[in-house]
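Report on one structure; see the data block that follows.
The values are calculated or read from the model by the stated rules, or taken from the named source; none is laboratory data. Just so we're clear, the structure is a prediction, and the values are computed from it rather than from any experiment. Because the Cβ atoms are built from the backbone with ideal geometry, glycine has one as well, and the counts that use them run over all protein chains shown.
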Amino acid sequence: AQTIHQWPVAEIKAVGSPLSLGCTIKGKSSPNLYWYWQATGGTLQQLFYSITVGQVESVVQLNLSASRPKDDQFILSTEKLLLSHSGFYLCAWSPPGQGDTQYFGPGTRLLVL
Amino acid sequence: GEQVEQLPSSLIVQEGASVLINCSYTDSASVYFPWYKQEPGKRLQFIIDIRSNMERKQTQRLTLLFDKKTKHLSLHITATQPGDSAIYFCSASSGTGGYKVVFGSGTRLLVSP
């Protein structure tokens, strides 16, 4: 069975500090991977997607970047956090091929002070 | 780009009632429409989907209707239970490969016993 993990579970960071969030998928080869941001009580905004190792497509510009260093790993990062980065970050995967049903991780809650 | 509007934003019903959640989208190139459910403290979970070559899909107490002409979807939940209380999101996949996903703003459903 496929499992998706995100780390850390939660973070409190200072404005201007760097950030790195991780996502790992086990049990599935060559998945499509996605990052989403969700404001508290709000909708999901897709940030990035990746269909293969080393290739990441940006959907919106929020002073964040993403990388896929391994087939099963997706990293979200920034060198300088803004207050507006606070929220819930969700990683998801879908089977290789066309975009399809997505399976979400547990999320990382980020508070920027 | 694609925009998805979802209404109502919240619903409060008694157990056993039926509810209707509506979504409309703007991009006629969107071909896949999955719906998700977010319960407090739990992962976003896929519940039902429909493709643009279909008009109706039903699973257990969920019926999803799709009107390609009006770019409108509606999710009907029958015989609601307190366990159905959650935020429901519609979404639309667009772009080459369908990897870009736009979510509606969500409908918060509360089912009282």
Inset, instruction - Go over the candidates A:Leu76, A:Leu81 one by one and state the one that is at pLDDT 95 or above, more than 30 Å from B:Ser10 (Cα to Cα), within 10 Å of the chain's Cα centre (by Cα) and crowded, with 21+ Cβ neighbours inside 10 Å. - result: A:Leu76
Inset, instruction - Only residues that are assigned to a loop (DSSP other than H, G, I, E, B) and surrounded by fewer than 14 Cβ atoms within 10 Å (Cβ to Cβ): list them for segment B:40-67, please. - result: B:Pro40, B:Gly41, B:Lys42, B:Asn53, B:Met54, B:Glu55, B:Gln60, B:Arg61
Inset, instruction - Pull up segment A:25-37, narrow it to residues that are part of a strand (DSSP E or B) and hydroxyl-bearing (Ser, Thr, Tyr), then point me to the one that is surrounded by the most Cβ atoms within 10 Å (Cβ to Cβ). - result: A:Tyr34
Inset, instruction - Take the residues in segment A:38-73 that are more than 14 Å from every other protein chain (Cβ to nearest Cβ) and not in a loop (DSSP other than H, G, I, E, B), then tell me which one is surrounded by the most Cβ atoms within 10 Å (Cβ to Cβ). - result: A:Ser67
Inset, instruction - With the checklist (1) touching a strand residue (DSSP E or B) at 6+ places or on another chain (Cβ under 8 Å); (2) closer than 23 Å to A:Gln98 by Cα in hand, flag the one item B:Ala86 doesn't pass. - result: (2)
Inset, instruction - Tell me, yes or no, whether segment B:15-33 has at least one residue that is within 10 Å of chain A (Cβ to nearest Cβ), assigned to a strand (DSSP E or B), surrounded by fewer than 17 Cβ atoms within 10 Å (Cβ to Cβ) and touching a strand residue (DSSP E or B) at 6+ places or on another chain (Cβ under 7 Å). - result: no
Inset, instruction - Read through the list (1) at pLDDT 95 or above; (2) within 12 Å of chain B (Cβ to nearest Cβ); (3) closer than 22 Å to A:Gly16 by Cα, then give the number of the only condition that A:Leu113 fails. - result: (2)
